[in-house]
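The values are calculated or read from the model by the stated rules, or taken from the named source; none is laboratory data. Quick caveat: nothing in here was measured; it's all calculated off a predicted structure. With ideal geometry, Cβ positions are generated from the backbone for all residues, glycine too; neighbour counts draw on all protein chains shown. Each accessible area value is taken on the protein alone, full model and side chains, heavy atoms only, with ligands, DNA and RNA left out. Shrake-Rupley method; radii C 1.70, N 1.55, O 1.52, S 1.80 Å.
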Amino acid sequence: MTAASDEAKVMETHNRYYQALSNGNMDALADNFTFPAAFKGFLDDVVVATNKESLLTIYEELIAAAPKATRTELRATEVSYLRPGVYMVTMSYEQYGEDDESIHEGSAMYFLKQVVDDYKLFAVF
(Lines give C-alpha, C1' and ligand atoms only; values in the text may rest on other atoms or scores of the structure.)
Protein backbone atom coordinates (compact mmCIF):
# COMPACT_ATOMS: atom_id res chain seq x y z
CA MET A 1 0.00 0.00 0.00
CA THR A 2 1.20 3.52 -0.72
CA ALA A 3 1.40 6.34 1.78
CA ALA A 4 -1.34 8.17 -0.15
CA SER A 5 -3.72 5.20 0.02
CA ASP A 6 -2.94 4.74 3.74
CA GLU A 7 -3.68 8.41 4.38
CA ALA A 8 -6.95 8.09 2.45
CA LYS A 9 -7.97 5.10 4.61
CA VAL A 10 -7.02 7.02 7.76
CA MET A 11 -9.22 9.93 6.68
CA GLU A 12 -12.08 7.57 5.76
CA THR A 13 -11.97 6.15 9.29
CA HIS A 14 -11.80 9.62 10.85
CA ASN A 15 -14.70 10.83 8.69
CA ARG A 16 -16.85 7.82 9.66
CA TYR A 17 -16.02 8.45 13.32
CA TYR A 18 -16.82 12.17 13.11
CA GLN A 19 -20.11 11.56 11.27
CA ALA A 20 -21.16 8.98 13.85
CA LEU A 21 -20.26 11.35 16.71
CA SER A 22 -22.07 14.27 15.06
CA ASN A 23 -25.18 12.13 14.55
CA GLY A 24 -25.08 10.64 18.05
CA ASN A 25 -24.73 7.13 16.60
CA MET A 26 -22.57 5.61 19.32
CA ASP A 27 -22.71 2.07 17.91
CA ALA A 28 -21.27 3.30 14.59
CA LEU A 29 -18.74 5.41 16.51
CA ALA A 30 -17.54 2.35 18.43
CA ASP A 31 -17.00 0.41 15.17
CA ASN A 32 -14.10 2.76 14.39
CA PHE A 33 -12.06 1.78 17.47
CA THR A 34 -9.68 -0.97 18.48
CA PHE A 35 -9.02 -1.72 22.14
CA PRO A 36 -7.50 -0.74 24.43
CA ALA A 37 -8.13 2.91 23.53
CA ALA A 38 -7.02 6.00 25.50
CA PHE A 39 -8.91 9.30 25.90
CA LYS A 40 -8.33 12.71 27.46
CA GLY A 41 -10.54 15.39 25.93
CA PHE A 42 -12.00 17.66 28.61
CA LEU A 43 -11.63 14.97 31.29
CA ASP A 44 -9.27 15.55 34.22
CA ASP A 45 -7.29 12.36 33.61
CA VAL A 46 -6.49 10.00 30.78
CA VAL A 47 -8.94 7.07 30.73
CA VAL A 48 -8.75 3.77 28.88
CA ALA A 49 -11.58 1.87 27.21
CA THR A 50 -11.06 -1.87 27.11
CA ASN A 51 -14.20 -2.76 25.13
CA LYS A 52 -17.27 -1.23 23.47
CA GLU A 53 -19.22 -0.90 26.72
CA SER A 54 -16.46 1.02 28.50
CA LEU A 55 -15.97 3.16 25.37
CA LEU A 56 -19.63 4.19 25.42
CA THR A 57 -19.41 5.08 29.12
CA ILE A 58 -16.29 7.16 28.49
CA TYR A 59 -18.01 9.01 25.63
CA GLU A 60 -20.91 9.89 27.93
CA GLU A 61 -18.34 11.45 30.28
CA LEU A 62 -16.47 13.19 27.43
CA ILE A 63 -19.67 14.70 26.05
CA ALA A 64 -20.81 15.82 29.52
CA ALA A 65 -17.45 17.53 30.15
CA ALA A 66 -17.26 19.30 26.76
CA PRO A 67 -18.39 22.89 26.20
CA LYS A 68 -22.11 23.06 25.40
CA ALA A 69 -21.82 24.16 21.80
CA THR A 70 -24.68 24.55 19.36
CA ARG A 71 -22.37 24.23 16.38
CA THR A 72 -18.78 23.42 15.52
CA GLU A 73 -16.75 24.73 12.60
CA LEU A 74 -13.82 22.67 11.39
CA ARG A 75 -10.83 24.88 10.63
CA ALA A 76 -8.34 22.30 9.34
CA THR A 77 -7.63 18.60 9.33
CA GLU A 78 -4.09 17.27 8.91
CA VAL A 79 -2.79 13.70 8.66
CA SER A 80 0.66 12.94 10.07
CA TYR A 81 2.64 9.75 9.59
CA LEU A 82 4.18 8.60 12.89
CA ARG A 83 5.62 5.17 12.13
CA PRO A 84 4.69 2.19 9.93
CA GLY A 85 0.98 1.56 10.30
CA VAL A 86 0.43 4.48 12.74
CA TYR A 87 -0.98 7.92 11.89
CA MET A 88 -2.28 10.95 13.73
CA VAL A 89 -5.11 13.17 12.53
CA THR A 90 -5.11 16.70 13.99
CA MET A 91 -8.41 18.51 13.70
CA SER A 92 -8.56 22.23 14.50
CA TYR A 93 -12.01 23.57 15.29
CA GLU A 94 -14.04 26.35 16.87
CA GLN A 95 -17.26 25.89 18.82
CA TYR A 96 -20.09 28.36 19.19
CA GLY A 97 -22.80 28.76 21.83
CA GLU A 98 -26.49 29.59 21.53
CA ASP A 99 -25.77 33.29 20.95
CA ASP A 100 -23.39 32.29 18.12
CA GLU A 101 -20.38 33.59 20.06
CA SER A 102 -17.21 31.55 20.18
CA ILE A 103 -17.03 29.47 23.37
CA HIS A 104 -14.01 27.29 22.59
CA GLU A 105 -11.26 27.05 20.01
CA GLY A 106 -8.85 24.15 19.99
CA SER A 107 -7.47 21.02 18.40
CA ALA A 108 -8.13 17.34 18.84
CA MET A 109 -5.65 14.59 18.03
CA TYR A 110 -6.79 11.18 16.86
CA PHE A 111 -4.33 8.29 16.75
CA LEU A 112 -5.01 5.43 14.35
CA LYS A 113 -3.25 2.17 13.63
CA GLN A 114 -3.56 -0.39 10.93
CA VAL A 115 -5.79 -3.33 11.82
CA VAL A 116 -5.81 -5.90 9.02
CA ASP A 117 -6.71 -3.87 5.87
CA ASP A 118 -8.25 -0.87 7.63
CA TYR A 119 -7.31 1.75 10.20
CA LYS A 120 -8.86 1.99 13.66
CA LEU A 121 -8.69 4.66 16.33
CA PHE A 122 -6.78 3.80 19.50
CA ALA A 123 -6.47 7.20 21.19
CA VAL A 124 -8.26 10.56 21.21
CA PHE A 125 -6.69 13.60 22.90
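Quick notes
- Qualifying lysines (Cα of each under 29 Å from Cα of residue 68; at least 8 residues distant if same chain): 40, 52, 120
- Here each label is just a point 7 Å from Cα along the line to Cβ, and for residue 26 and residue 72 those points are 1.6 nm apart.
- In this label model, residue 43 and residue 80 are separated by 2.2 nm, measuring between points 7 Å along each Cα→Cβ vector.
- With the gyration tensor restricted to C-alpha atoms of region 1-65, the semi-axes of the equivalent ellipsoid amount to 23, 14, 11 Å, longest first.
- At full extension, residue 63 and residue 90 could sit 7.8 nm farther apart than now, given 0.36 nm per residue minus the alpha carbon distance.
- With all protein chains kept in place, the per residue accessible area of region 1-69 amounts to 55 square angstrom at a probe of 1.4 angstrom.
- Note: relative contact order over the chain, using C-alpha pairs below 8 Å and six or more positions apart, is 25 percent.
- For region 20-99, alpha-carbon Rg and Dmax in angstrom: 14.0, 45
- Helix 52-65 and the longest principal axis of the C-alpha atoms of the chain enclose an angle of approximately 30°.
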